[in-house]
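This is the structure I want to talk about, given as structure tokens.
The values are calculated or read from the model by the stated rules, or taken from the named source; none is laboratory data. What you see is a predicted model; the values in this text were computed from it and never measured. Here the Cβ positions follow ideal geometry from the backbone for every residue, glycine too, while neighbour counts run over all protein chains shown.
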Amino acid sequence: MDLGRRAVRPPGLPSPPKPPEDAWVLMGERERSLAVAEAEFEEVPIAPRGVGRNDGQPGAAKPREPLTLPPMAPLTLGRARVVAVMNQKGGVGKTTTVINLAAALAQAGSRVLIVDLDAQGNCATGLGIRKADVERSTRDLLLQPEVAGACRYATSIENLHLVVGDRRLVGIEDVLVSELGRESRLAEGLEPLLPHYDLVLIDTPPNLGLLAVNAMCAADGVVIPVQTEYFALEGIAMLLRTVEQVRLRLNPRLGVDGVLMTMHAPTLLNNQIAGQLREHLGNAVVEPPIRRNIRLAEATSEGEPIHVHAPRSNGGQDHLRIAQALGRRWGLSKG
Ligand SMILES: Nc1ncnc2c1ncn2[C@@H]1O[C@H](COP(=O)(O)OP(=O)(O)OP(=O)(O)O)[C@@H](O)[C@H]1O
Ligand SMILES: [Mg+2]
């Protein structure tokens, strides 16, 4: 595609003289780099026009290519289903989803393990566990798979265990980079634990770095919480490209188990984006949208899942219905 070229020098600013060819070798390093910088300054390509506000749908940024979703991996009897809750965007409700989904399914009788891969360690806080008292964390699970069993802690919810993420995960990617099998360290650590659970939920950090790749290598599927806001579909498209690469190169089981609409408000924009998500992603979208509800934020700060803190709140009801819907997909509940 011809992007076109234009000089962006402000009017009135004189161009510096271009050095003649043979002057180049006589120039010092500094002059040469100034000349190169000047040439780059002159040659700024015009960005191709995308779709967005001007495509006739206000606020509705669309992905540029069709989204293709990999199928869900089949269920395996006697071995936990491993699900990574992912979105490279921060603050979309990943941790809130992990805590409340895990707690609701554990309360319904499933044996659930949460693995927190985020150094922010919000899963521990949200489940009322003091990180300072925790001896072994996700870091140990990744670096010493032989101590996997000892990295788990029981929570106040029956059937719900947690591997705590905390500050010790800062810098772990630099350590893993030089390790053998760096993408599959989590899968290796989890392997001996899988017969003891029905579901392992992995909370991931807001990026697509090596920890996120480890989550995808260990997982049967990803669940993608997404806010019904601008750029929702573009964010999902980017994540799906990474899922596809991991699927092709590292983990052929990896599928998409669901897309959750979070922090949903009854505005025109939120409803429009929800409509687009349903149109593009079909059955992958798990209903209902989770409404924006202050009780969910309150519950986290109290260290309680929403079904304990405020089960009848909008947030409590929506999360329960999401847990029931995903529980059915995963063969965990009949309700
Ligand atoms: N439906 C909701 N209504 C209102 N507040 C919510 C809702 N869901 C989550 N929150 C709040 O929004 C904030 C961000 O949520 P959360 O921590 O779950 O996002 P995250 O994707 O895990 O963030 P990060 O990328 O930083 O890990 C939290 O304060 C949480 O309590
Ligand atoms: Mg989080």
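Tell me, yes or no, whether segment 250-270 has at least one residue that is among the charged types (D, E, K, R) and touching a Pro at 6+ places or on another chain (Cβ under 7 Å).
No, because not a single residue in segment 250-270 is among the charged types (D, E, K, R) and touching a Pro at 6+ places or on another chain (Cβ under 7 Å).
Residue-wise test of (1) touching a strand residue (DSSP E or B) at 6+ places or on another chain (Cβ under 7 Å); (2) under 17 Å from L105 (Cβ atoms); (3) surrounded by fewer than 22 Cβ atoms within 10 Å (Cβ to Cβ).
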{"site": "G275", "(1), (2), (3)": "no, no, yes"}
{"site": "P288", "(1), (2), (3)": "no, no, yes"}
{"site": "R312", "(1), (2), (3)": "no, no, yes"}
{"site": "A323", "(1), (2), (3)": "no, yes, no"}
{"site": "G327", "(1), (2), (3)": "no, yes, yes"}
{"site": "L332", "(1), (2), (3)": "yes, yes, yes"}
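Could you look through segment 129-148, keep only residues that are within 16 Å of ligand 2 (Cβ to nearest atom) and in a loop (DSSP other than H, G, I, E, B), and pick out the one that is nearest to the chain's Cα centre (by Cα)?
Only one residue fits best here, namely S137.
Sticking with this one: Would you pick out the residues in segment 69-128 that are among the hydrophobic types (A, V, I, L, M, F, W, C) and under 12 Å from the mean Cα position of the chain (by Cα)?
Correct list: V83, A84, V85, M86, V92, V98, L117.
For the condition under 26 Å from R130 (Cα atoms), of a type outside the set (F, W, Y) and free of Cβ contacts under 8 Å to residues at least 12 places away in the same chain, what is the one hit in G171, G165?
Values: G165 fails: free of Cβ contacts under 8 Å to residues at least 12 places away in the same chain.
None of the others qualify; the one that does is G171.
Does at least one position in segment 159-170 carry a residue that is small (G, A, S), crowded, with 21+ Cβ neighbours inside 10 Å and more than 17 Å from M216 (Cβ to Cβ)?
No, segment 159-170 contains no residue that is small (G, A, S), crowded, with 21+ Cβ neighbours inside 10 Å and more than 17 Å from M216 (Cβ to Cβ).
In segment 86-102, what residues are in contact with a Leu (Cβ under 7 Å, 6 or more places away or on another chain) and either surrounded by fewer than 24 Cβ atoms within 10 Å (Cβ to Cβ) or among the hydroxyl-bearing types (S, T, Y) (or both)?
Q88, T96, T97, listed by residue number.
Turning to a different aspect of this structure: Quick check: is even one residue across segment 70-81 modelled with pLDDT of 95 or more and part of a loop (DSSP other than H, G, I, E, B)?
Of all residues in segment 70-81, those modelled with pLDDT of 95 or more come to 80-81.
Okay, now just the ones that are also part of a loop (DSSP other than H, G, I, E, B), so 80.
So far as segment 70-81 goes, yes, one or more of its residues are modelled with pLDDT of 95 or more and part of a loop (DSSP other than H, G, I, E, B).
How about segment 263-280: which of its residues are modelled with pLDDT of 95 or more and either of a type in the set (A, V, I, L, M) or outside any helix (DSSP H, G or I) (or both)?
Residues satisfying the conditions are M263, H264, A265, T267, L268, L269, I273, A274, L277.
Ok, one more. Collect the residues in segment 247-273 that are surrounded by fewer than 21 Cβ atoms within 10 Å (Cβ to Cβ) and farther than 19 Å from I322 by Cα, keeping them in residue-number order.
Scanning segment 247-273 gives R247, L248, R249, L250, N251, P252, R253, T267, L268, L269, Q272.
Then there's this: For segment 266-285, give me each residue that is touching a residue at least 60 places away in the same chain (Cβ under 8 Å) and touching a helix residue (DSSP H, G or I) at 6+ places or on another chain (Cβ under 8 Å).
Answer for segment 266-285, where residues must be touching a residue at least 60 places away in the same chain (Cβ under 8 Å) and touching a helix residue (DSSP H, G or I) at 6+ places or on another chain (Cβ under 8 Å): I273, Q276, H280, L281.
Select from segment 174-208 the residues that are within 16 Å of ligand 1 (Cβ to nearest atom) and farther than 27 Å from S110 by Cα and write down the one among them that is surrounded by the most Cβ atoms within 10 Å (Cβ to Cβ). Show your work before the answer.
Applying the first criterion (within 16 Å of ligand 1 (Cβ to nearest atom)) to segment 174-208 yields 201-208.
Those left that are additionally farther than 27 Å from S110 by Cα: 206-208.
Numbers: P206: 16, N207: 13, L208: 20.
It comes out as L208.
Would you check which residues across segment 296-307 are crowded, with 17+ Cβ neighbours inside 10 Å and either part of a helix (DSSP H, G or I) or aliphatic (A, V, I, L, M) (or both) and list them?
Selection gives L296, A299, T300, I306, H307.
Kindly provide the set of residues from segment 215-241 that are more than 16 Å from ligand 1 (Cβ to nearest atom) and either in contact (Cβ under 8 Å) with a residue 60 or more places away in the chain or surrounded by fewer than 17 Cβ atoms within 10 Å (Cβ to Cβ) (or both), ordered by number.
Listed by number, the residues that qualify are M216, A218, A219, D220, G221, Y230, L233, E234, A237, L240, R241.
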